[in-house]
Structure formats: C-alpha cells, structure tokens
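The values are calculated or read from the model by the stated rules, or taken from the named source; none is laboratory data. Note that the coordinates shown come from a computational prediction; the quantities given were computed from them, not determined experimentally. Please note: Cβ atoms are built from the backbone with ideal geometry, for glycine as well, and neighbour counts cover all protein chains shown. What goes into the accessible areas is simple: the full protein's heavy atoms, side chains included, and nothing from ligands, DNA or RNA. Shrake-Rupley method; radii C 1.70, N 1.55, O 1.52, S 1.80 Å.
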Amino acid sequence: MPRGVIPRQPAKTGRHEGARGRQAKALKAVGSSARLGGTGAHVRTQSSKPVGPRSGRAPVAKKANAAQKTKGYNPLAPQRVAEILARLDRLYPDVTCALTHTSAWELLVATILSAQSTDVNVNRVTPELFRKYPTVQDFAALTPEQLEPDVRSTGFFRNKSKSVVGAAKKIASDFGGEVPDEMDKLLTLPGVARKTANVVLGTWFKQAVGVVVDTHVIRISRRLELTQNTDPAKIEQDLMQAIAVDRWILFAHQIIWHGRKLCVARRPKCVDCPLENLCHAADKTWTTVEVHKNAKP
Ligand code: SF4
C-alpha cells in the first residue's frame, strides 16, 4: 500500500451501519470469528473497537504496532481456513465454471481461449465456433491460420489458434479423439498447463487432482494470506496443503466468483465483503482489523 494511504475505517457516526448490515445478513449463522487466526488481537468482531490510526500521520507507528501484533498470528490456522470456507459456502453455494460447454473438448477449448480474456467474451465466441466445427476431428483438420478469424476477439488469437489446433491433432492421433482424464496426459497437449488441466479435470471429470490457480485465485489467496508465493505452481501447492482435498474444486470456483463480484483487482469492495474481518489485505478499501503489509496481490 502506498505510504500514507490508509484503508477506511468504520465511522464513529455509524454511517457504515447499512453496509455492515448487508455483511451481517450474509454472515448470519456463520458464527463468531473473534477466536480465529491464532491470536485474538488479529480478528475482531464487528462490535470491537476498530483498529488503526486516527490521523493521517500514523502509518509508521501503525506498521510497527501491526508487526508486533502479528507475532504468533497464523493465517493458516485450521479454524480460520474453515471459517473462510464456511463464509464462501454461504456467499457462493452452487457456483461452477462460467465457461459454456457441453463436453470435455468444448471446456478445454473454452479454457484455452479464456487466457487473458473474460468468460463473457469467450462465451460470445464458442457457440458459433462449436456449431461451425462440431468435433475434435473438425478442429484437427484445420490449420491455425484457418481458425484465427473465429477466435480473434478473445485476444492472443495466433497463439490460441495454434494451441487449439495442436491439442485437437494430438487428441485425435494419440487419445482416440477423447480428451484424456489424467493430468500427465493433459499436460502433453499444446497450450495446456496445470491451470487448464485442473479446470477440465475438476469441472468435467470431477477429479480433484489440484487447485485451479488463475489470476483471481492468485490475488485473493495472497490477500487472505493463504499463500505468500507468487508462482502459480507454488500457490497451488500451498492451497493443496491448506485446504482439504474435497474442497479443492469448489474452493477455486468460489474464489473466482468472489474475484469477479467483490474482491476485484482494483478497489475491492471490502465494505460489502463477508470475509472482511478475516482479511488483513494491505490494499483493502475498508477495514475493521489490522492490515498486514505483506498480504497484497
Ligand atoms: S475484505 Fe476486501 S480484500 Fe479482503 S477478501 Fe474481502 S473484498 Fe477482498
């Protein structure tokens, strides 16, 4: 967080009560979190006195205090992680992949096309694409150049065309025209890394082999201090350690939705976020708890 920029605090006048009321509604029955995260000093209930400087010239002292108070704090404490998952369940109970698809192949293509693009953008392109080329073999018969005009609007269309046609040729020649349901085999396909493989395995084959780590998962996992890493492979390992295997698939879907709805990249909507008092992100826009300078995207 830039020096001197301090997350907004609840006003003494109570002018945030409406916003906190919305949070309280979302959190109803989730229970108290005051004991979560290791030391009680780090997670306070909404009725606790908000922490933080009262004037604009306190950042240095505030950092020192926060450093002292974070001693012994464990962001991976099982109770804290369980509470985060419980709140995500209440907020996003039935979410799944937002990419439109009717087969493993369509999901694979849509996921490749979604790199550096939005799901909405991809969903605009894929219905016509799969109408024009209904099978893996239809794609395998193309050259990348022939596919380029159809996927141009998703961005990076030359690389994506190469990946999709290359994957189709490999699936047709080596896997009998069927998308493989094993991580090792998926990773042999052009344009497919662990993120794409995890999407296909988790969403289509219902196999929890790993955790999908996309831009939302990276940003929010770091804000929530579920990882300190920046490398997606290491972040995935951290999440696999912190979260039970039976939650890997749903957790990623929930975090991706959270990243779209509230925990957006710039100016996250913290005042409306049911995770707020569990979150110490340095770039929070509103807070009732200490911020941790390392908890940043
Ligand atoms: S409180 Fe803000 S930064 Fe933390 S998870 Fe919620 S929206 Fe994201």
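Quick rundown of the values:
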{"quantity": "The range 210-240, residues that are in contact (Cβ under 8 Å) with a residue 24 or more places away in the chain and over 21 Å from SER114 (Cα atoms)", "calculated": "ARG222, ARG223, LEU224, GLU225, LEU226, GLN228, LEU239, MET240"}
{"quantity": "Only one of GLU106, GLU83 that is charged (D, E, K, R), over 30 Å from ASN277 (Cβ atoms) and touching a residue at least 24 places away in the same chain (Cβ under 8 Å)", "calculated": "GLU106"}
{"quantity": "GLN228 being in a loop (DSSP other than H, G, I, E, B), more than 8 Å from the ligand (Cβ to nearest atom) and at pLDDT 95 or above", "calculated": "yes"}
{"quantity": "Flag for ALA282 being open to solvent by less than 10 Å² (accessible area, probe 1.4 Å) and over 11 Å from the mean Cα position of the chain (by Cα)", "calculated": "yes"}
{"quantity": "Number of the condition not met by ASP238 [criteria: (1) within 9 Å of the ligand (Cβ to nearest atom); (2) not in a loop (DSSP other than H, G, I, E, B)]", "calculated": "(1)"}
{"quantity": "Residues that are among the hydrophobic types (A, V, I, L, M, F, W, C) and within 8 Å of the ligand (Cβ to nearest atom), drawn from the range 279-295", "calculated": "CYS279, ALA281, TRP286"}
